[in-house]
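For reference, the structure discussed in these notes is given below.
The values are calculated or read from the model by the stated rules, or taken from the named source; none is laboratory data. If you're wondering where the values come from, they're calculated on a predicted model, not measured in any experiment. So basically every Cβ, Gly included, is an ideal-geometry build from the backbone, and we count neighbours across all protein chains shown. Please note that ligands, DNA and RNA were not included when accessible areas were found on the heavy atoms of the full protein model with its side chains. Shrake-Rupley method; radii C 1.70, N 1.55, O 1.52, S 1.80 Å.
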Amino acid sequence: MKAAVLVKPEKGSSQYLTLQEVAKPAVKPGHVLLQVRVCGVCRTDLHIVEGELPQRLPMLIPGHQIVGDVVDGATANLSIGSRVGVSWMGGVDGDCPYCLRGLENLCDSPTFTGYTVNGGYAQYALVRSDFVYPLPKALDDLHAAPLLCAGIIGFRSLRVAGVEPGDHVGLFGFGASAHLAIAVLHSWNCKVYVATRGESHRAFAASLGASWVGSEKERPPVELDRAITFAPSGDVVVSALASLRKGGVVAINAIHLDRIPEFDYDKLLWGERQIRSVANMTRADARDFLKIATDIGLQPKVRSLPLDQVNEALAFVKGDSVDGAIAIIP
Ligand SMILES: [Zn+2]
Ligand SMILES: [Zn+2]
């Protein structure tokens, strides 16, 4: 099969992945083989190919927002031809202290799709059959793909921030994840304030109904109940914190941050403000979000590229140069 393979992570490379012919994976117990229809591109992929996350496999096929058809390993619940989605969380052990507490997103022995096992930048992908999500017909392949990580983990960020209906919510950064979160927030009657780099992203946020848009250096006009940061930048976290009311929460939706700068505790954190990170997702997050996405008719903006342009796709993510999401068609 054709696959895009990472051999050596390298920051600033223009050729992160090389297109190769590799063996089609053989199905094994507890797994299904998918023929990949579409695989969404995520900022985490960029952290992997640039080595900001440590290399885990000598040869890796990244990609963890997979839409595919079951072609082998069918089970009672997953017949041949079932169309399913796969996300970043590709498996857990089920018996560590976190799994036993219902916090499988924090599992001590997790499997991450397209990182600790091969992912979806290929014609086929082998995935655990208990970590796939049947996709409703209303979601076509291309528009379902970005929901699978950008959407699900963005949704988890809203949960971690404790968003309640009617809240004033700040989104700091406006990429694939934020442009899906804003639709969920509007369905909860929240007012959304977007601070982001780039005129195009600001115009895009305004077109999706943001109550206010500004640059990453501007402060929203009201004190925020909740804020979610999407940029891999600690400065942005401090800006978000400075925009909160007392008792407000900042949730950081980033697997990697450049650093956390020093900040003034008395002014910024005292008053029971909280900073929380968002780590991975649970299967319940996935099911709940896909239900909401279907109910509200969520339509991501997605640009698609063929597999042989996967490096261009990663460069678009790095440069924040596409509004909405990007997906690969193998
Ligand atoms: Zn576990
Ligand atoms: Zn992701």
Would you mind telling me which numbered condition in (1) part of a loop (DSSP other than H, G, I, E, B); (2) within 16 Å of ligand 2 (Cβ to nearest atom); (3) surrounded by 13 or more Cβ atoms within 10 Å (Cβ to Cβ) Gly51 fails?
(2)
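Here is a check on your reading of the model: is Ala150 more than 17 Å from the chain's Cα centre (by Cα), open to solvent by less than 20 Å² (accessible area, probe 1.4 Å) and modelled with pLDDT of 95 or more?
Working: more than 17 Å from the chain's Cα centre (by Cα): no; open to solvent by less than 20 Å² (accessible area, probe 1.4 Å): yes; modelled with pLDDT of 95 or more: yes.
So Ala150 fails the test.
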Among the residues of region 28-38, is any free of Cβ contacts under 8 Å to residues at least 60 places away in the same chain, in a loop (DSSP other than H, G, I, E, B), more than 27 Å from Lys318 (Cα to Cα) and open to solvent by 30 Å² or more (accessible area, probe 1.4 Å)?
yes
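Can Gly63 be described as modelled with pLDDT of 95 or more and farther than 26 Å from Ala313 by Cβ? Talk me through it step by step, then tell me what you get.
Working: modelled with pLDDT of 95 or more: yes; farther than 26 Å from Ala313 by Cβ: no.
Criteria not met by Gly63.
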Please determine, by comparing only the residues of region 156-193 that are open to solvent by less than 40 Å² (accessible area, probe 1.4 Å) and hydroxyl-bearing (Ser, Thr, Tyr), which one is nearest to the chain's Cα centre (by Cα).
Ser177
Name the pairs whose Cβ atoms lie under 9 Å apart, with the first residue in region 190-202 and at positive phi, the second surrounded by 24 or more Cβ atoms within 10 Å (Cβ to Cβ), and 6 or more positions between them or separate chains?
Gly198/Phe174
Any residue at all in region 88-98 that is closer than 27 Å to Leu298 by Cβ, within 13 Å of ligand 1 (Cβ to nearest atom) and among the acidic types (Asp, Glu)?
no
Among the numbered conditions (1) surrounded by 13 or more Cβ atoms within 10 Å (Cβ to Cβ); (2) closer than 21 Å to Cys149 by Cα, tell me where Lys291 comes up short.
(1)
